[in-house]
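Single-structure report; data block below.
The values are calculated or read from the model by the stated rules, or taken from the named source; none is laboratory data. What you are looking at is a predicted structure, and each value in this text was computed from that prediction instead of being measured. A quick note on method: Cβ atoms are made from the backbone with ideal geometry, for glycine too, and the neighbour counts reach across all protein chains shown.
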Amino acid sequence: MSLPELELQIIYARIAWGLIAAAMLLSVLPTLLPKVFPQLANRTKAIVIATVALVMVLPGEASPAYWLTLVFQYPSGLLAGFSLVALLARWRERPVIFPLHPAFAALLTVAGVVLYLDAFGVLALGLYYRGFDSGAATLLTCVAAVAAGAAILFRIAGSAGLALMTSVLLFSLLRLPTGNLWDALIDPLVWAWAAGSVILAGVRRHQARKAPAQETPEPEPELAAARVANGIE
C-alpha cells in the first residue's frame with residue numbers, strides 16, 4: 001500500500017475543485033444571469049476559468065478548496081475527469097449532457113450503496129479497505145481501464161469513458177486522491193449525481209410508456225377517392 005504525499009494531495013485538491021467550480025459556473029451563468037451572460041464567448045470562458053483558478057490557489061483558509069475539502073474530502077478523480085471533459089466541451093461549444101449514461105449511472109449507484117452499507121457495518125465485507133490492497137486494486141484498475149477504453153473506442157459513453165480513464169491514470173500514476181481506488185472512482189457528489197441520473201432515466205422511461213401511441217391519421221375522403229381513381233386508371 002502506497003499513499004500520496006500530503007503536498008501532492010493539497011495541489012490535487014486545488015486543481016480538482018477548480019475544475020469542478022469552473023465547470024459548474026460555465027453551465028449555470030447563462031441561466032442565472034441571462035442578461036449579463038446571454039452567450040459565453042471563449043474570452044468570457046477564459047476569464048471565468050482564470051478567476052476560479054486564482055481563487056483556488058489562495059493559501060490556507062483563504063482558498064475555497066480548503067473548506068470544500070473539509071466538507072466533502074478530496075473529490076474523486078472521476079468527478080475531476082467529468083469536470084475537465086465538460087470544460088473542454090464547452091470551450092469547443094459542444095453540447096454537454098448533464099445526466100450520466102444510464103448504465104454507467106446505475107453501476108455507480110449500486111457500487112455506492114454497497115460501499116456505504118459496508119462502511120456503516122451493515123454488510124461488513126471490508127470492501128473499502130480492499131481499495132488499498134495492491135492485488136485487488138490492480139485487478140479492478142485494469143477492469144476500469146478496459147471499460148473506459150471500450151466506451152471511448154465504441155462511442156457508447158464517450159464522456160464517461162474519458163472521465164473514467166482520467167481517474168484511472170490519476171490513481172495508477174500518482175495514487176490520487178487518497179491512495180484508495182474507491183476514492184478515485186466514487187465520492188458522495190458523484191454518487192448523488194449518479195442516483196439522480198438513474199431516477200431521471202426511470203421517470204423518462206415511465207413517461208414514454210405512459211404516453212399514448214400516436215394514431216396514424218386517416219386520409220381525407222377526397223384524397224382517398226383520388227387515390228382509388230388513380231389506381232383504377
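Quick check, is Ala148 assigned to a helix (DSSP H, G or I), closer than 17 Å to Leu78 by Cβ, without any contact (Cβ under 8 Å) to a residue 60 or more places away in the chain and not acidic (Asp, Glu)? For Ala148, the condition - assigned to a helix (DSSP H, G or I), closer than 17 Å to Leu78 by Cβ, without any contact (Cβ under 8 Å) to a residue 60 or more places away in the chain and not acidic (Asp, Glu) - is met.
Residues of region 169-187 include at least one that is among the hydrophobic types (A, V, I, L, M, F, W, C), out of contact with any Leu (no Cβ under 7 Å at 6 or more places or on another chain) and more than 21 Å from Leu200 (Cβ to Cβ). Annotation: Ala136 fulfils all but one of (1) part of a helix (DSSP H, G or I); (2) modelled with pLDDT of 90 or more; the unmet one is (2). Could you tell me whether region 174-197 includes any residue that is under 24 Å from Ser2 (Cβ atoms) and surrounded by fewer than 19 Cβ atoms within 10 Å (Cβ to Cβ)? Yes, region 174-197 has at least one match. The set of residues in region 122-136 that are more than 13 Å from Ser2 (Cα to Cα) and of a type in the set (Gly, Ala, Ser) comprises Ala124, Gly126, Ala136. Between Thr141, Thr178, the distinction of being at pLDDT 90 or above, of a type in the set (Val, Ile, Thr) and more than 30 Å from Pro95 (Cα to Cα) belongs to Thr178 only. Among the residues making up region 157-179, those that are in a helix (DSSP H, G or I), touching a helix residue (DSSP H, G or I) at 6+ places or on another chain (Cβ under 6 Å) and in contact (Cβ under 8 Å) with a residue 60 or more places away in the chain are Ser159, Ala160, Leu162, Ala163, Leu164, Met165, Thr166, Ser167, Val168, Leu170, Phe171.
A quick yes/no check of all residues on (1) surrounded by 15 or more Cβ atoms within 10 Å (Cβ to Cβ); (2) among the aliphatic types (A, V, I, L, M); (3) in contact (Cβ under 8 Å) with a residue 40 or more places away in the chain; (4) in contact with a Cys (Cβ under 6 Å, 6 or more places away or on another chain):
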| residue | (1), (2), (3), (4) |
| --- | --- |
| Lys35 | no, no, no, no |
| Gln39 | no, no, no, no |
| Arg43 | no, no, no, no |
| Ile47 | no, yes, no, no |
| Pro59 | no, no, no, no |
| Thr69 | yes, no, yes, no |
| Tyr74 | yes, no, yes, no |
| Leu79 | yes, yes, yes, no |
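Check whether at least one residue in region 199-208 is touching a residue at least 24 places away in the same chain (Cβ under 8 Å), crowded, with 20+ Cβ neighbours inside 10 Å and part of a helix (DSSP H, G or I), and report yes or no. No - not one qualifying residue is present in region 199-208.
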